[in-house]
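One structure is given here, and the rest of the page talks about it.
The values are calculated or read from the model by the stated rules, or taken from the named source; none is laboratory data. Computed from a predicted model, the values in this text were never measured in an experiment. In this analysis, Cβ positions are derived from the backbone assuming ideal geometry, glycine residues included, and neighbour counts consider all displayed protein chains.
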Amino acid sequence: MDIISKIKTTNGSIKTPALLPVCALTYGVWDVFIEEKVIPPWKLSESTLFSLEYVRNTKYEENIREGIHKLFSEKKPIFVDSGGFQSMKKGIERDPIEVLRFQEKLKADIAATFDYPVPLNVEISEYTKMLEKSINCANLSLENKMRKEMLLYACVHGFSEKEIDWYFSKLNKHFDGYAIGSLVPRKNDYKTLIEIIYRAKIHAHELEKPLHIFGVTGFPMLYALSYMGVETMDSWTYLVASIFKEYIHPETLKRVKMRMTGKIPECDCFICKKFKMEDFLGATSVPQAHLAIHNLNIFMREMKLIQEHIRENSFEELVEQKSKHNKRIKIVYEYAKEFMRNNPKN
Ligand SMILES: [Zn+2]
């Protein structure tokens, strides 16, 4: 489906489809990146996503008083989520307006409205209540937004096409974009994900607004979502894998435990060319940062390939080529293709 090719912000444009690495300011590895002891994720992508709950109460509080961009040596678009997912996990109830003011204080280029992500196995009455609360927070945030330059995306939830239709019908029509949440606990059910995301894409498309997908982007989804015309998606697999000392295999795109193979990846990225095994292992934050950046290099390489092949109309050939080493990429893509064929947008 058609894609909005560029998302314009005050700190530059995001060319789509784009993968936004998830970043935080909370612990060791982020100090390494902020001090640029290792090239940081935000230098490798057009835009990054910061999770609000991982920006609050950190030692950088003072530095970000005049905006989060102050921390970085170059200015690029920054998307700040509402922290709804982490608040839910911590059991904290936030005031949606306080969240909005904090995002404005950070001078986020794009912000998502506060929401109530739905875990698995919630009672239906409770489930409906959570969706209504997320809708109310979204509409309230839009009415109270003060900072003009900040794009505000409404968080969207729902687990069927009907629920997505209902959700959009209750939302104010003047958001700058939409972002789907609650997908993380369901991330292995790619069929449901594709159905829900495609439905949301149709609504966003009708309103001529971009769509962002939170938290489910492994390689098969990176391919399928790009094919479906989703504008932006985020991932923190690159970092999570590094915590477990896993590297993303450059060919199979699967996570490999370094201690199992006793080798570093056979890879021509700038990190692997420069460092040896011991620079990736070890308990400090620098080796972890090396591993995370190798992993991110693979994600960004794939994203670039996808962009090129979409542009040259040879996406299917790329999928064929990738599926030789990773069958799931083709399986998920074929499902998306078939689903879209059987469910034309009107
Ligand atoms: Zn590498």
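Within the stretch 318-339, restricting attention to residues that are within 19 Å of Ile196 (Cα to Cα) and without any contact (Cβ under 8 Å) to a residue 24 or more places away in the chain, the residue that is farthest from the chain's Cα centre (by Cα) is Glu338. Residues in the stretch 21-54 that are of a type in the set (D, E, K, R) and more than 18 Å from Lys75 (Cα to Cα): Asp31, Lys37, Glu53. Restricted to the stretch 275-293, and to residues there that are without any contact (Cβ under 8 Å) to a residue 40 or more places away in the chain and in a helix (DSSP H, G or I), the residue that is farthest from the ligand (Cβ to nearest atom) is Glu278. Filtered by the rule that a residue be exposed (fewer than 15 other Cβ atoms within 10 Å of the Cβ) and assigned to a helix (DSSP H, G or I), the stretch 1-40 gives a lone residue, Gly28.
Restricting the stretch 43-67 to residues that are aliphatic (A, V, I, L, M) and at pLDDT below 95, which is nearest to Gln307 (Cα to Cα)? For the stretch 43-67, the residue satisfying everything is Leu52.
Candidates in the stretch 222-241 are the residues that are away from the ligand (no atom under 12 Å from the Cβ) and in contact with a His (Cβ under 9 Å, 6 or more places away or on another chain); of these, the one that is nearest to Leu291 (Cα to Cα) is Asp234. Restricted to strands (runs of 3 or more DSSP E) entirely inside the stretch 218-274, those with at least 1 residues that are without any contact (Cβ under 8 Å) to a residue 60 or more places away in the chain are 246-248, 255-257. Reported count of residues in the stretch 244-255, each being touching a Phe, Trp or Tyr at 6+ places or on another chain (Cβ under 9 Å) and away from the ligand (no atom under 12 Å from the Cβ), is 4. Each residue in the stretch 324-346 was checked for being within 27 Å of Phe270 (Cβ to Cβ) and buried (at least 17 other Cβ atoms within 10 Å of the Cβ), and 2 pass. Among the residues of the stretch 294-317, those that are touching a helix residue (DSSP H, G or I) at 6+ places or on another chain (Cβ under 9 Å), part of a helix (DSSP H, G or I) and free of Cβ contacts under 8 Å to residues at least 24 places away in the same chain comprise Leu305, Glu308, His309, Glu316, Glu317.
Against the numbered list (1) under 21 Å from Asn297 (Cβ atoms); (2) without any contact (Cβ under 8 Å) to a residue 40 or more places away in the chain, Leu207 comes up short only at (1). Has the stretch 257-267 got at least one residue that is surrounded by 21 or more Cβ atoms within 10 Å (Cβ to Cβ), within 14 Å of the ligand (Cβ to nearest atom) and closer than 21 Å to Leu44 by Cβ? Yes: the stretch 257-267 contains one or more residues that are surrounded by 21 or more Cβ atoms within 10 Å (Cβ to Cβ), within 14 Å of the ligand (Cβ to nearest atom) and closer than 21 Å to Leu44 by Cβ. Among the residues making up the stretch 165-182, those that are of a type outside the set (Gly, Ala, Ser) and touching a strand residue (DSSP E or B) at 6+ places or on another chain (Cβ under 7 Å) are Tyr167, Leu171, Phe175, Asp176, Tyr178, Ile180. If you go through the stretch 1-42 and keep only what is modelled with pLDDT of 95 or more, among the small types (Gly, Ala, Ser) and within 19 Å of Leu106 (Cα to Cα), you end up with Gly12, Ser13.
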